[in-house]
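Some notes on the structure that comes next.
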Amino acid sequence: MAATLIRPYAAPDRDVIPALVLPIQRVEFGLAVTVGDQPDLLSIDSYYQAGAGGFWVAELDGEIVGTVGLKDISNRNGALCKMFVAAHARGRQHRVAVGLLETLLQHAGQARMQNLYLATAREFVGAHRFYRKSGFREISRMALPLNFPMMEMERKFFHMTIVQPATTAAGRPPSRLRGTTSPG
């Protein structure tokens, strides 16, 4: 079994992202959504890779099989967006969703974000389980920041407080060895 590679989005990925996301939304889950309803799919670099945001893809055997975006919505808040994994790459054996989320959380923590919000469609029941298992808690729409980006179909909302990376008195991350700091 090949290892999953999680890497930042690059310009050559531009056409691959909608080709992955739209069939999941439309065919697998029956949502009446188009690329026109999601202009962020065609402007990933300017929409997600601004401020403390980012966008990552997961590759399995050289094929992009997953995506996740982090939109910086200011005040140390982030929006997790466009988390999609191809059906054949889901599950524990590939750990694509876990790898994407871990990458996003590491980036958000390093960017000193404090809160992560997400909105999703009611139809994505498996995703809801994954988010809860990963530490998100369900919230009401009213608990979202006013500037939270949302699509019409999104009816379930989640929040996670981001655990900041530990630092020593010198401002460096602690060493993996107990009681010592990393060299500097």
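Give me a count of the residues in the range 16-38 that are closer than 12 Å to Lys82 by Cα and not aliphatic (A, V, I, L, M).
3
Going by the conditions given, is Phe124 out of contact with any helix residue (DSSP H, G or I) (no Cβ under 8 Å at 6 or more places or on another chain), closer than 23 Å to Val27 by Cβ and crowded, with 18+ Cβ neighbours inside 10 Å?
In short, yes.
Does any residue of the range 60-70 turn out to be at positive phi, at pLDDT 95 or above, of a type outside the set (Val, Ile, Thr) and touching a strand residue (DSSP E or B) at 6+ places or on another chain (Cβ under 8 Å)?
No, because not a single residue in the range 60-70 is at positive phi, at pLDDT 95 or above, of a type outside the set (Val, Ile, Thr) and touching a strand residue (DSSP E or B) at 6+ places or on another chain (Cβ under 8 Å).
With respect to the numbered conditions (1) surrounded by fewer than 17 Cβ atoms within 10 Å (Cβ to Cβ); (2) modelled with pLDDT of 95 or more; (3) of a type outside the set (Val, Ile, Thr); (4) over 16 Å from the mean Cα position of the chain (by Cα), which one is the sole condition not fulfilled by Asp13?
(1)
Considering only residues that are more than 17 Å from Val85 (Cβ to Cβ) and among the acidic types (Asp, Glu), which ones fall in the range 43-64?
Asp45
Going by the conditions given, is His94 over 16 Å from Met160 (Cα atoms), surrounded by 17 or more Cβ atoms within 10 Å (Cβ to Cβ) and either of a type in the set (Ser, Thr, Tyr) or touching a residue at least 40 places away in the same chain (Cβ under 8 Å) (or both)?
So His94 passes the test.
Among what's in the range 134-162 and is hydrophobic (A, V, I, L, M, F, W, C) and part of a strand (DSSP E or B), pick the residue that is farthest from Asp72 (Cα to Cα).
Per the criteria, the residue is Ile139.
From the residues in the range 71-102 that are small (Gly, Ala, Ser) and more than 23 Å from Met153 (Cα to Cα), which one is modelled with the lowest pLDDT?
Checking each candidate, the answer is Gly91.
What tally of residues in the range 109-127 results from selecting those that are within 22 Å of Arg141 (Cβ to Cβ) and either touching a strand residue (DSSP E or B) at 6+ places or on another chain (Cβ under 8 Å) or not in a helix (DSSP H, G or I) (or both)?
Number of matching residues: 13.
Just to be sure before I move on: is Ala111 within 15 Å of Tyr48 (Cα to Cα), in contact (Cβ under 8 Å) with a residue 12 or more places away in the chain and surrounded by fewer than 21 Cβ atoms within 10 Å (Cβ to Cβ) in the structure I sent?
yes
The values are calculated or read from the model by the stated rules, or taken from the named source; none is laboratory data. Given the structure is predicted, the values throughout are model-derived calculations rather than measurements. Note: ideal-geometry Cβ built from the backbone for every residue, glycine included; neighbour counts use all protein chains shown.
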